[in-house]
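Trainee: Handing you a structure now.
The values are calculated or read from the model by the stated rules, or taken from the named source; none is laboratory data. Computed from a predicted structure; not experimentally measured. Cβ coordinates were reconstructed from backbone atoms using ideal geometry, including for glycine residues, and neighbour counts include every protein chain displayed. SASA here: full protein model, heavy atoms, side chains in, ligands and nucleic acids out. Shrake-Rupley method; radii C 1.70, N 1.55, O 1.52, S 1.80 Å.
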Amino acid sequence: SLTLVAPYAVTSGQGVLVGAIFGVAAYDAAQNAAIECQTEGVFDITKEPALAITAGARLFWDNTNRRITTTATGNFHVGIATQAALAADATVRVWTERVPASGA
């Protein structure tokens, strides 16, 4: 895990993007507070509503809406779906991985 400064208020288990570092919050934190974030592992993270995702799909972080999406344009690559997620599901299981600073 890494200690980061929360760019916005976060809750435990929520994705957090700080510059080119993506992690999952270990606990709740207010904006600008120090927070521990797991940067590697498998996590259930909030996804774009009504989006079905297949296992093995590349996943991206939509920092504007603070959720996982499969849309690459304008978003930051954060990992791979380890399980399929139905459109009705609120989260998707993500294997976070180290990605280039460009998010490519």
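Trainee: Here are Val42, Val5: which of them is out of contact with any helix residue (DSSP H, G or I) (no Cβ under 9 Å at 6 or more places or on another chain), open to solvent by 40 Å² or more (accessible area, probe 1.4 Å) and over 18 Å from Arg67 (Cβ atoms)? Break it down into steps so the answer makes sense when it comes.
Mentor: On the way: Val42 fails: over 18 Å from Arg67 (Cβ atoms).
Answer to the check: Val5.
Trainee: Kindly establish whether Tyr27 is hydroxyl-bearing (Ser, Thr, Tyr), in a loop (DSSP other than H, G, I, E, B) and either touching a Leu at 6+ places or on another chain (Cβ under 6 Å) or open to solvent by less than 40 Å² (accessible area, probe 1.4 Å) (or both). Spell out how you get there, then give the answer.
Mentor: Details: hydroxyl-bearing (Ser, Thr, Tyr): yes; in a loop (DSSP other than H, G, I, E, B): yes; either touching a Leu at 6+ places or on another chain (Cβ under 6 Å) or open to solvent by less than 40 Å² (accessible area, probe 1.4 Å) (or both): no.
Considered against the rule, which asks whether it is hydroxyl-bearing (Ser, Thr, Tyr), in a loop (DSSP other than H, G, I, E, B) and either touching a Leu at 6+ places or on another chain (Cβ under 6 Å) or open to solvent by less than 40 Å² (accessible area, probe 1.4 Å) (or both), Tyr27 comes out as no.
Trainee: Filter the range 19-62 for residues that are without any contact (Cβ under 8 Å) to a residue 24 or more places away in the chain and among the aliphatic types (A, V, I, L, M) and give the result.
Mentor: Ile21, Ala25, Ala29, listed by residue number.
Trainee: Right, another one. In the range 56-93, what residues are surrounded by 14 or more Cβ atoms within 10 Å (Cβ to Cβ) and small (Gly, Ala, Ser)?
Mentor: Ala57, Gly79, Ala81, Ala84, Ala85
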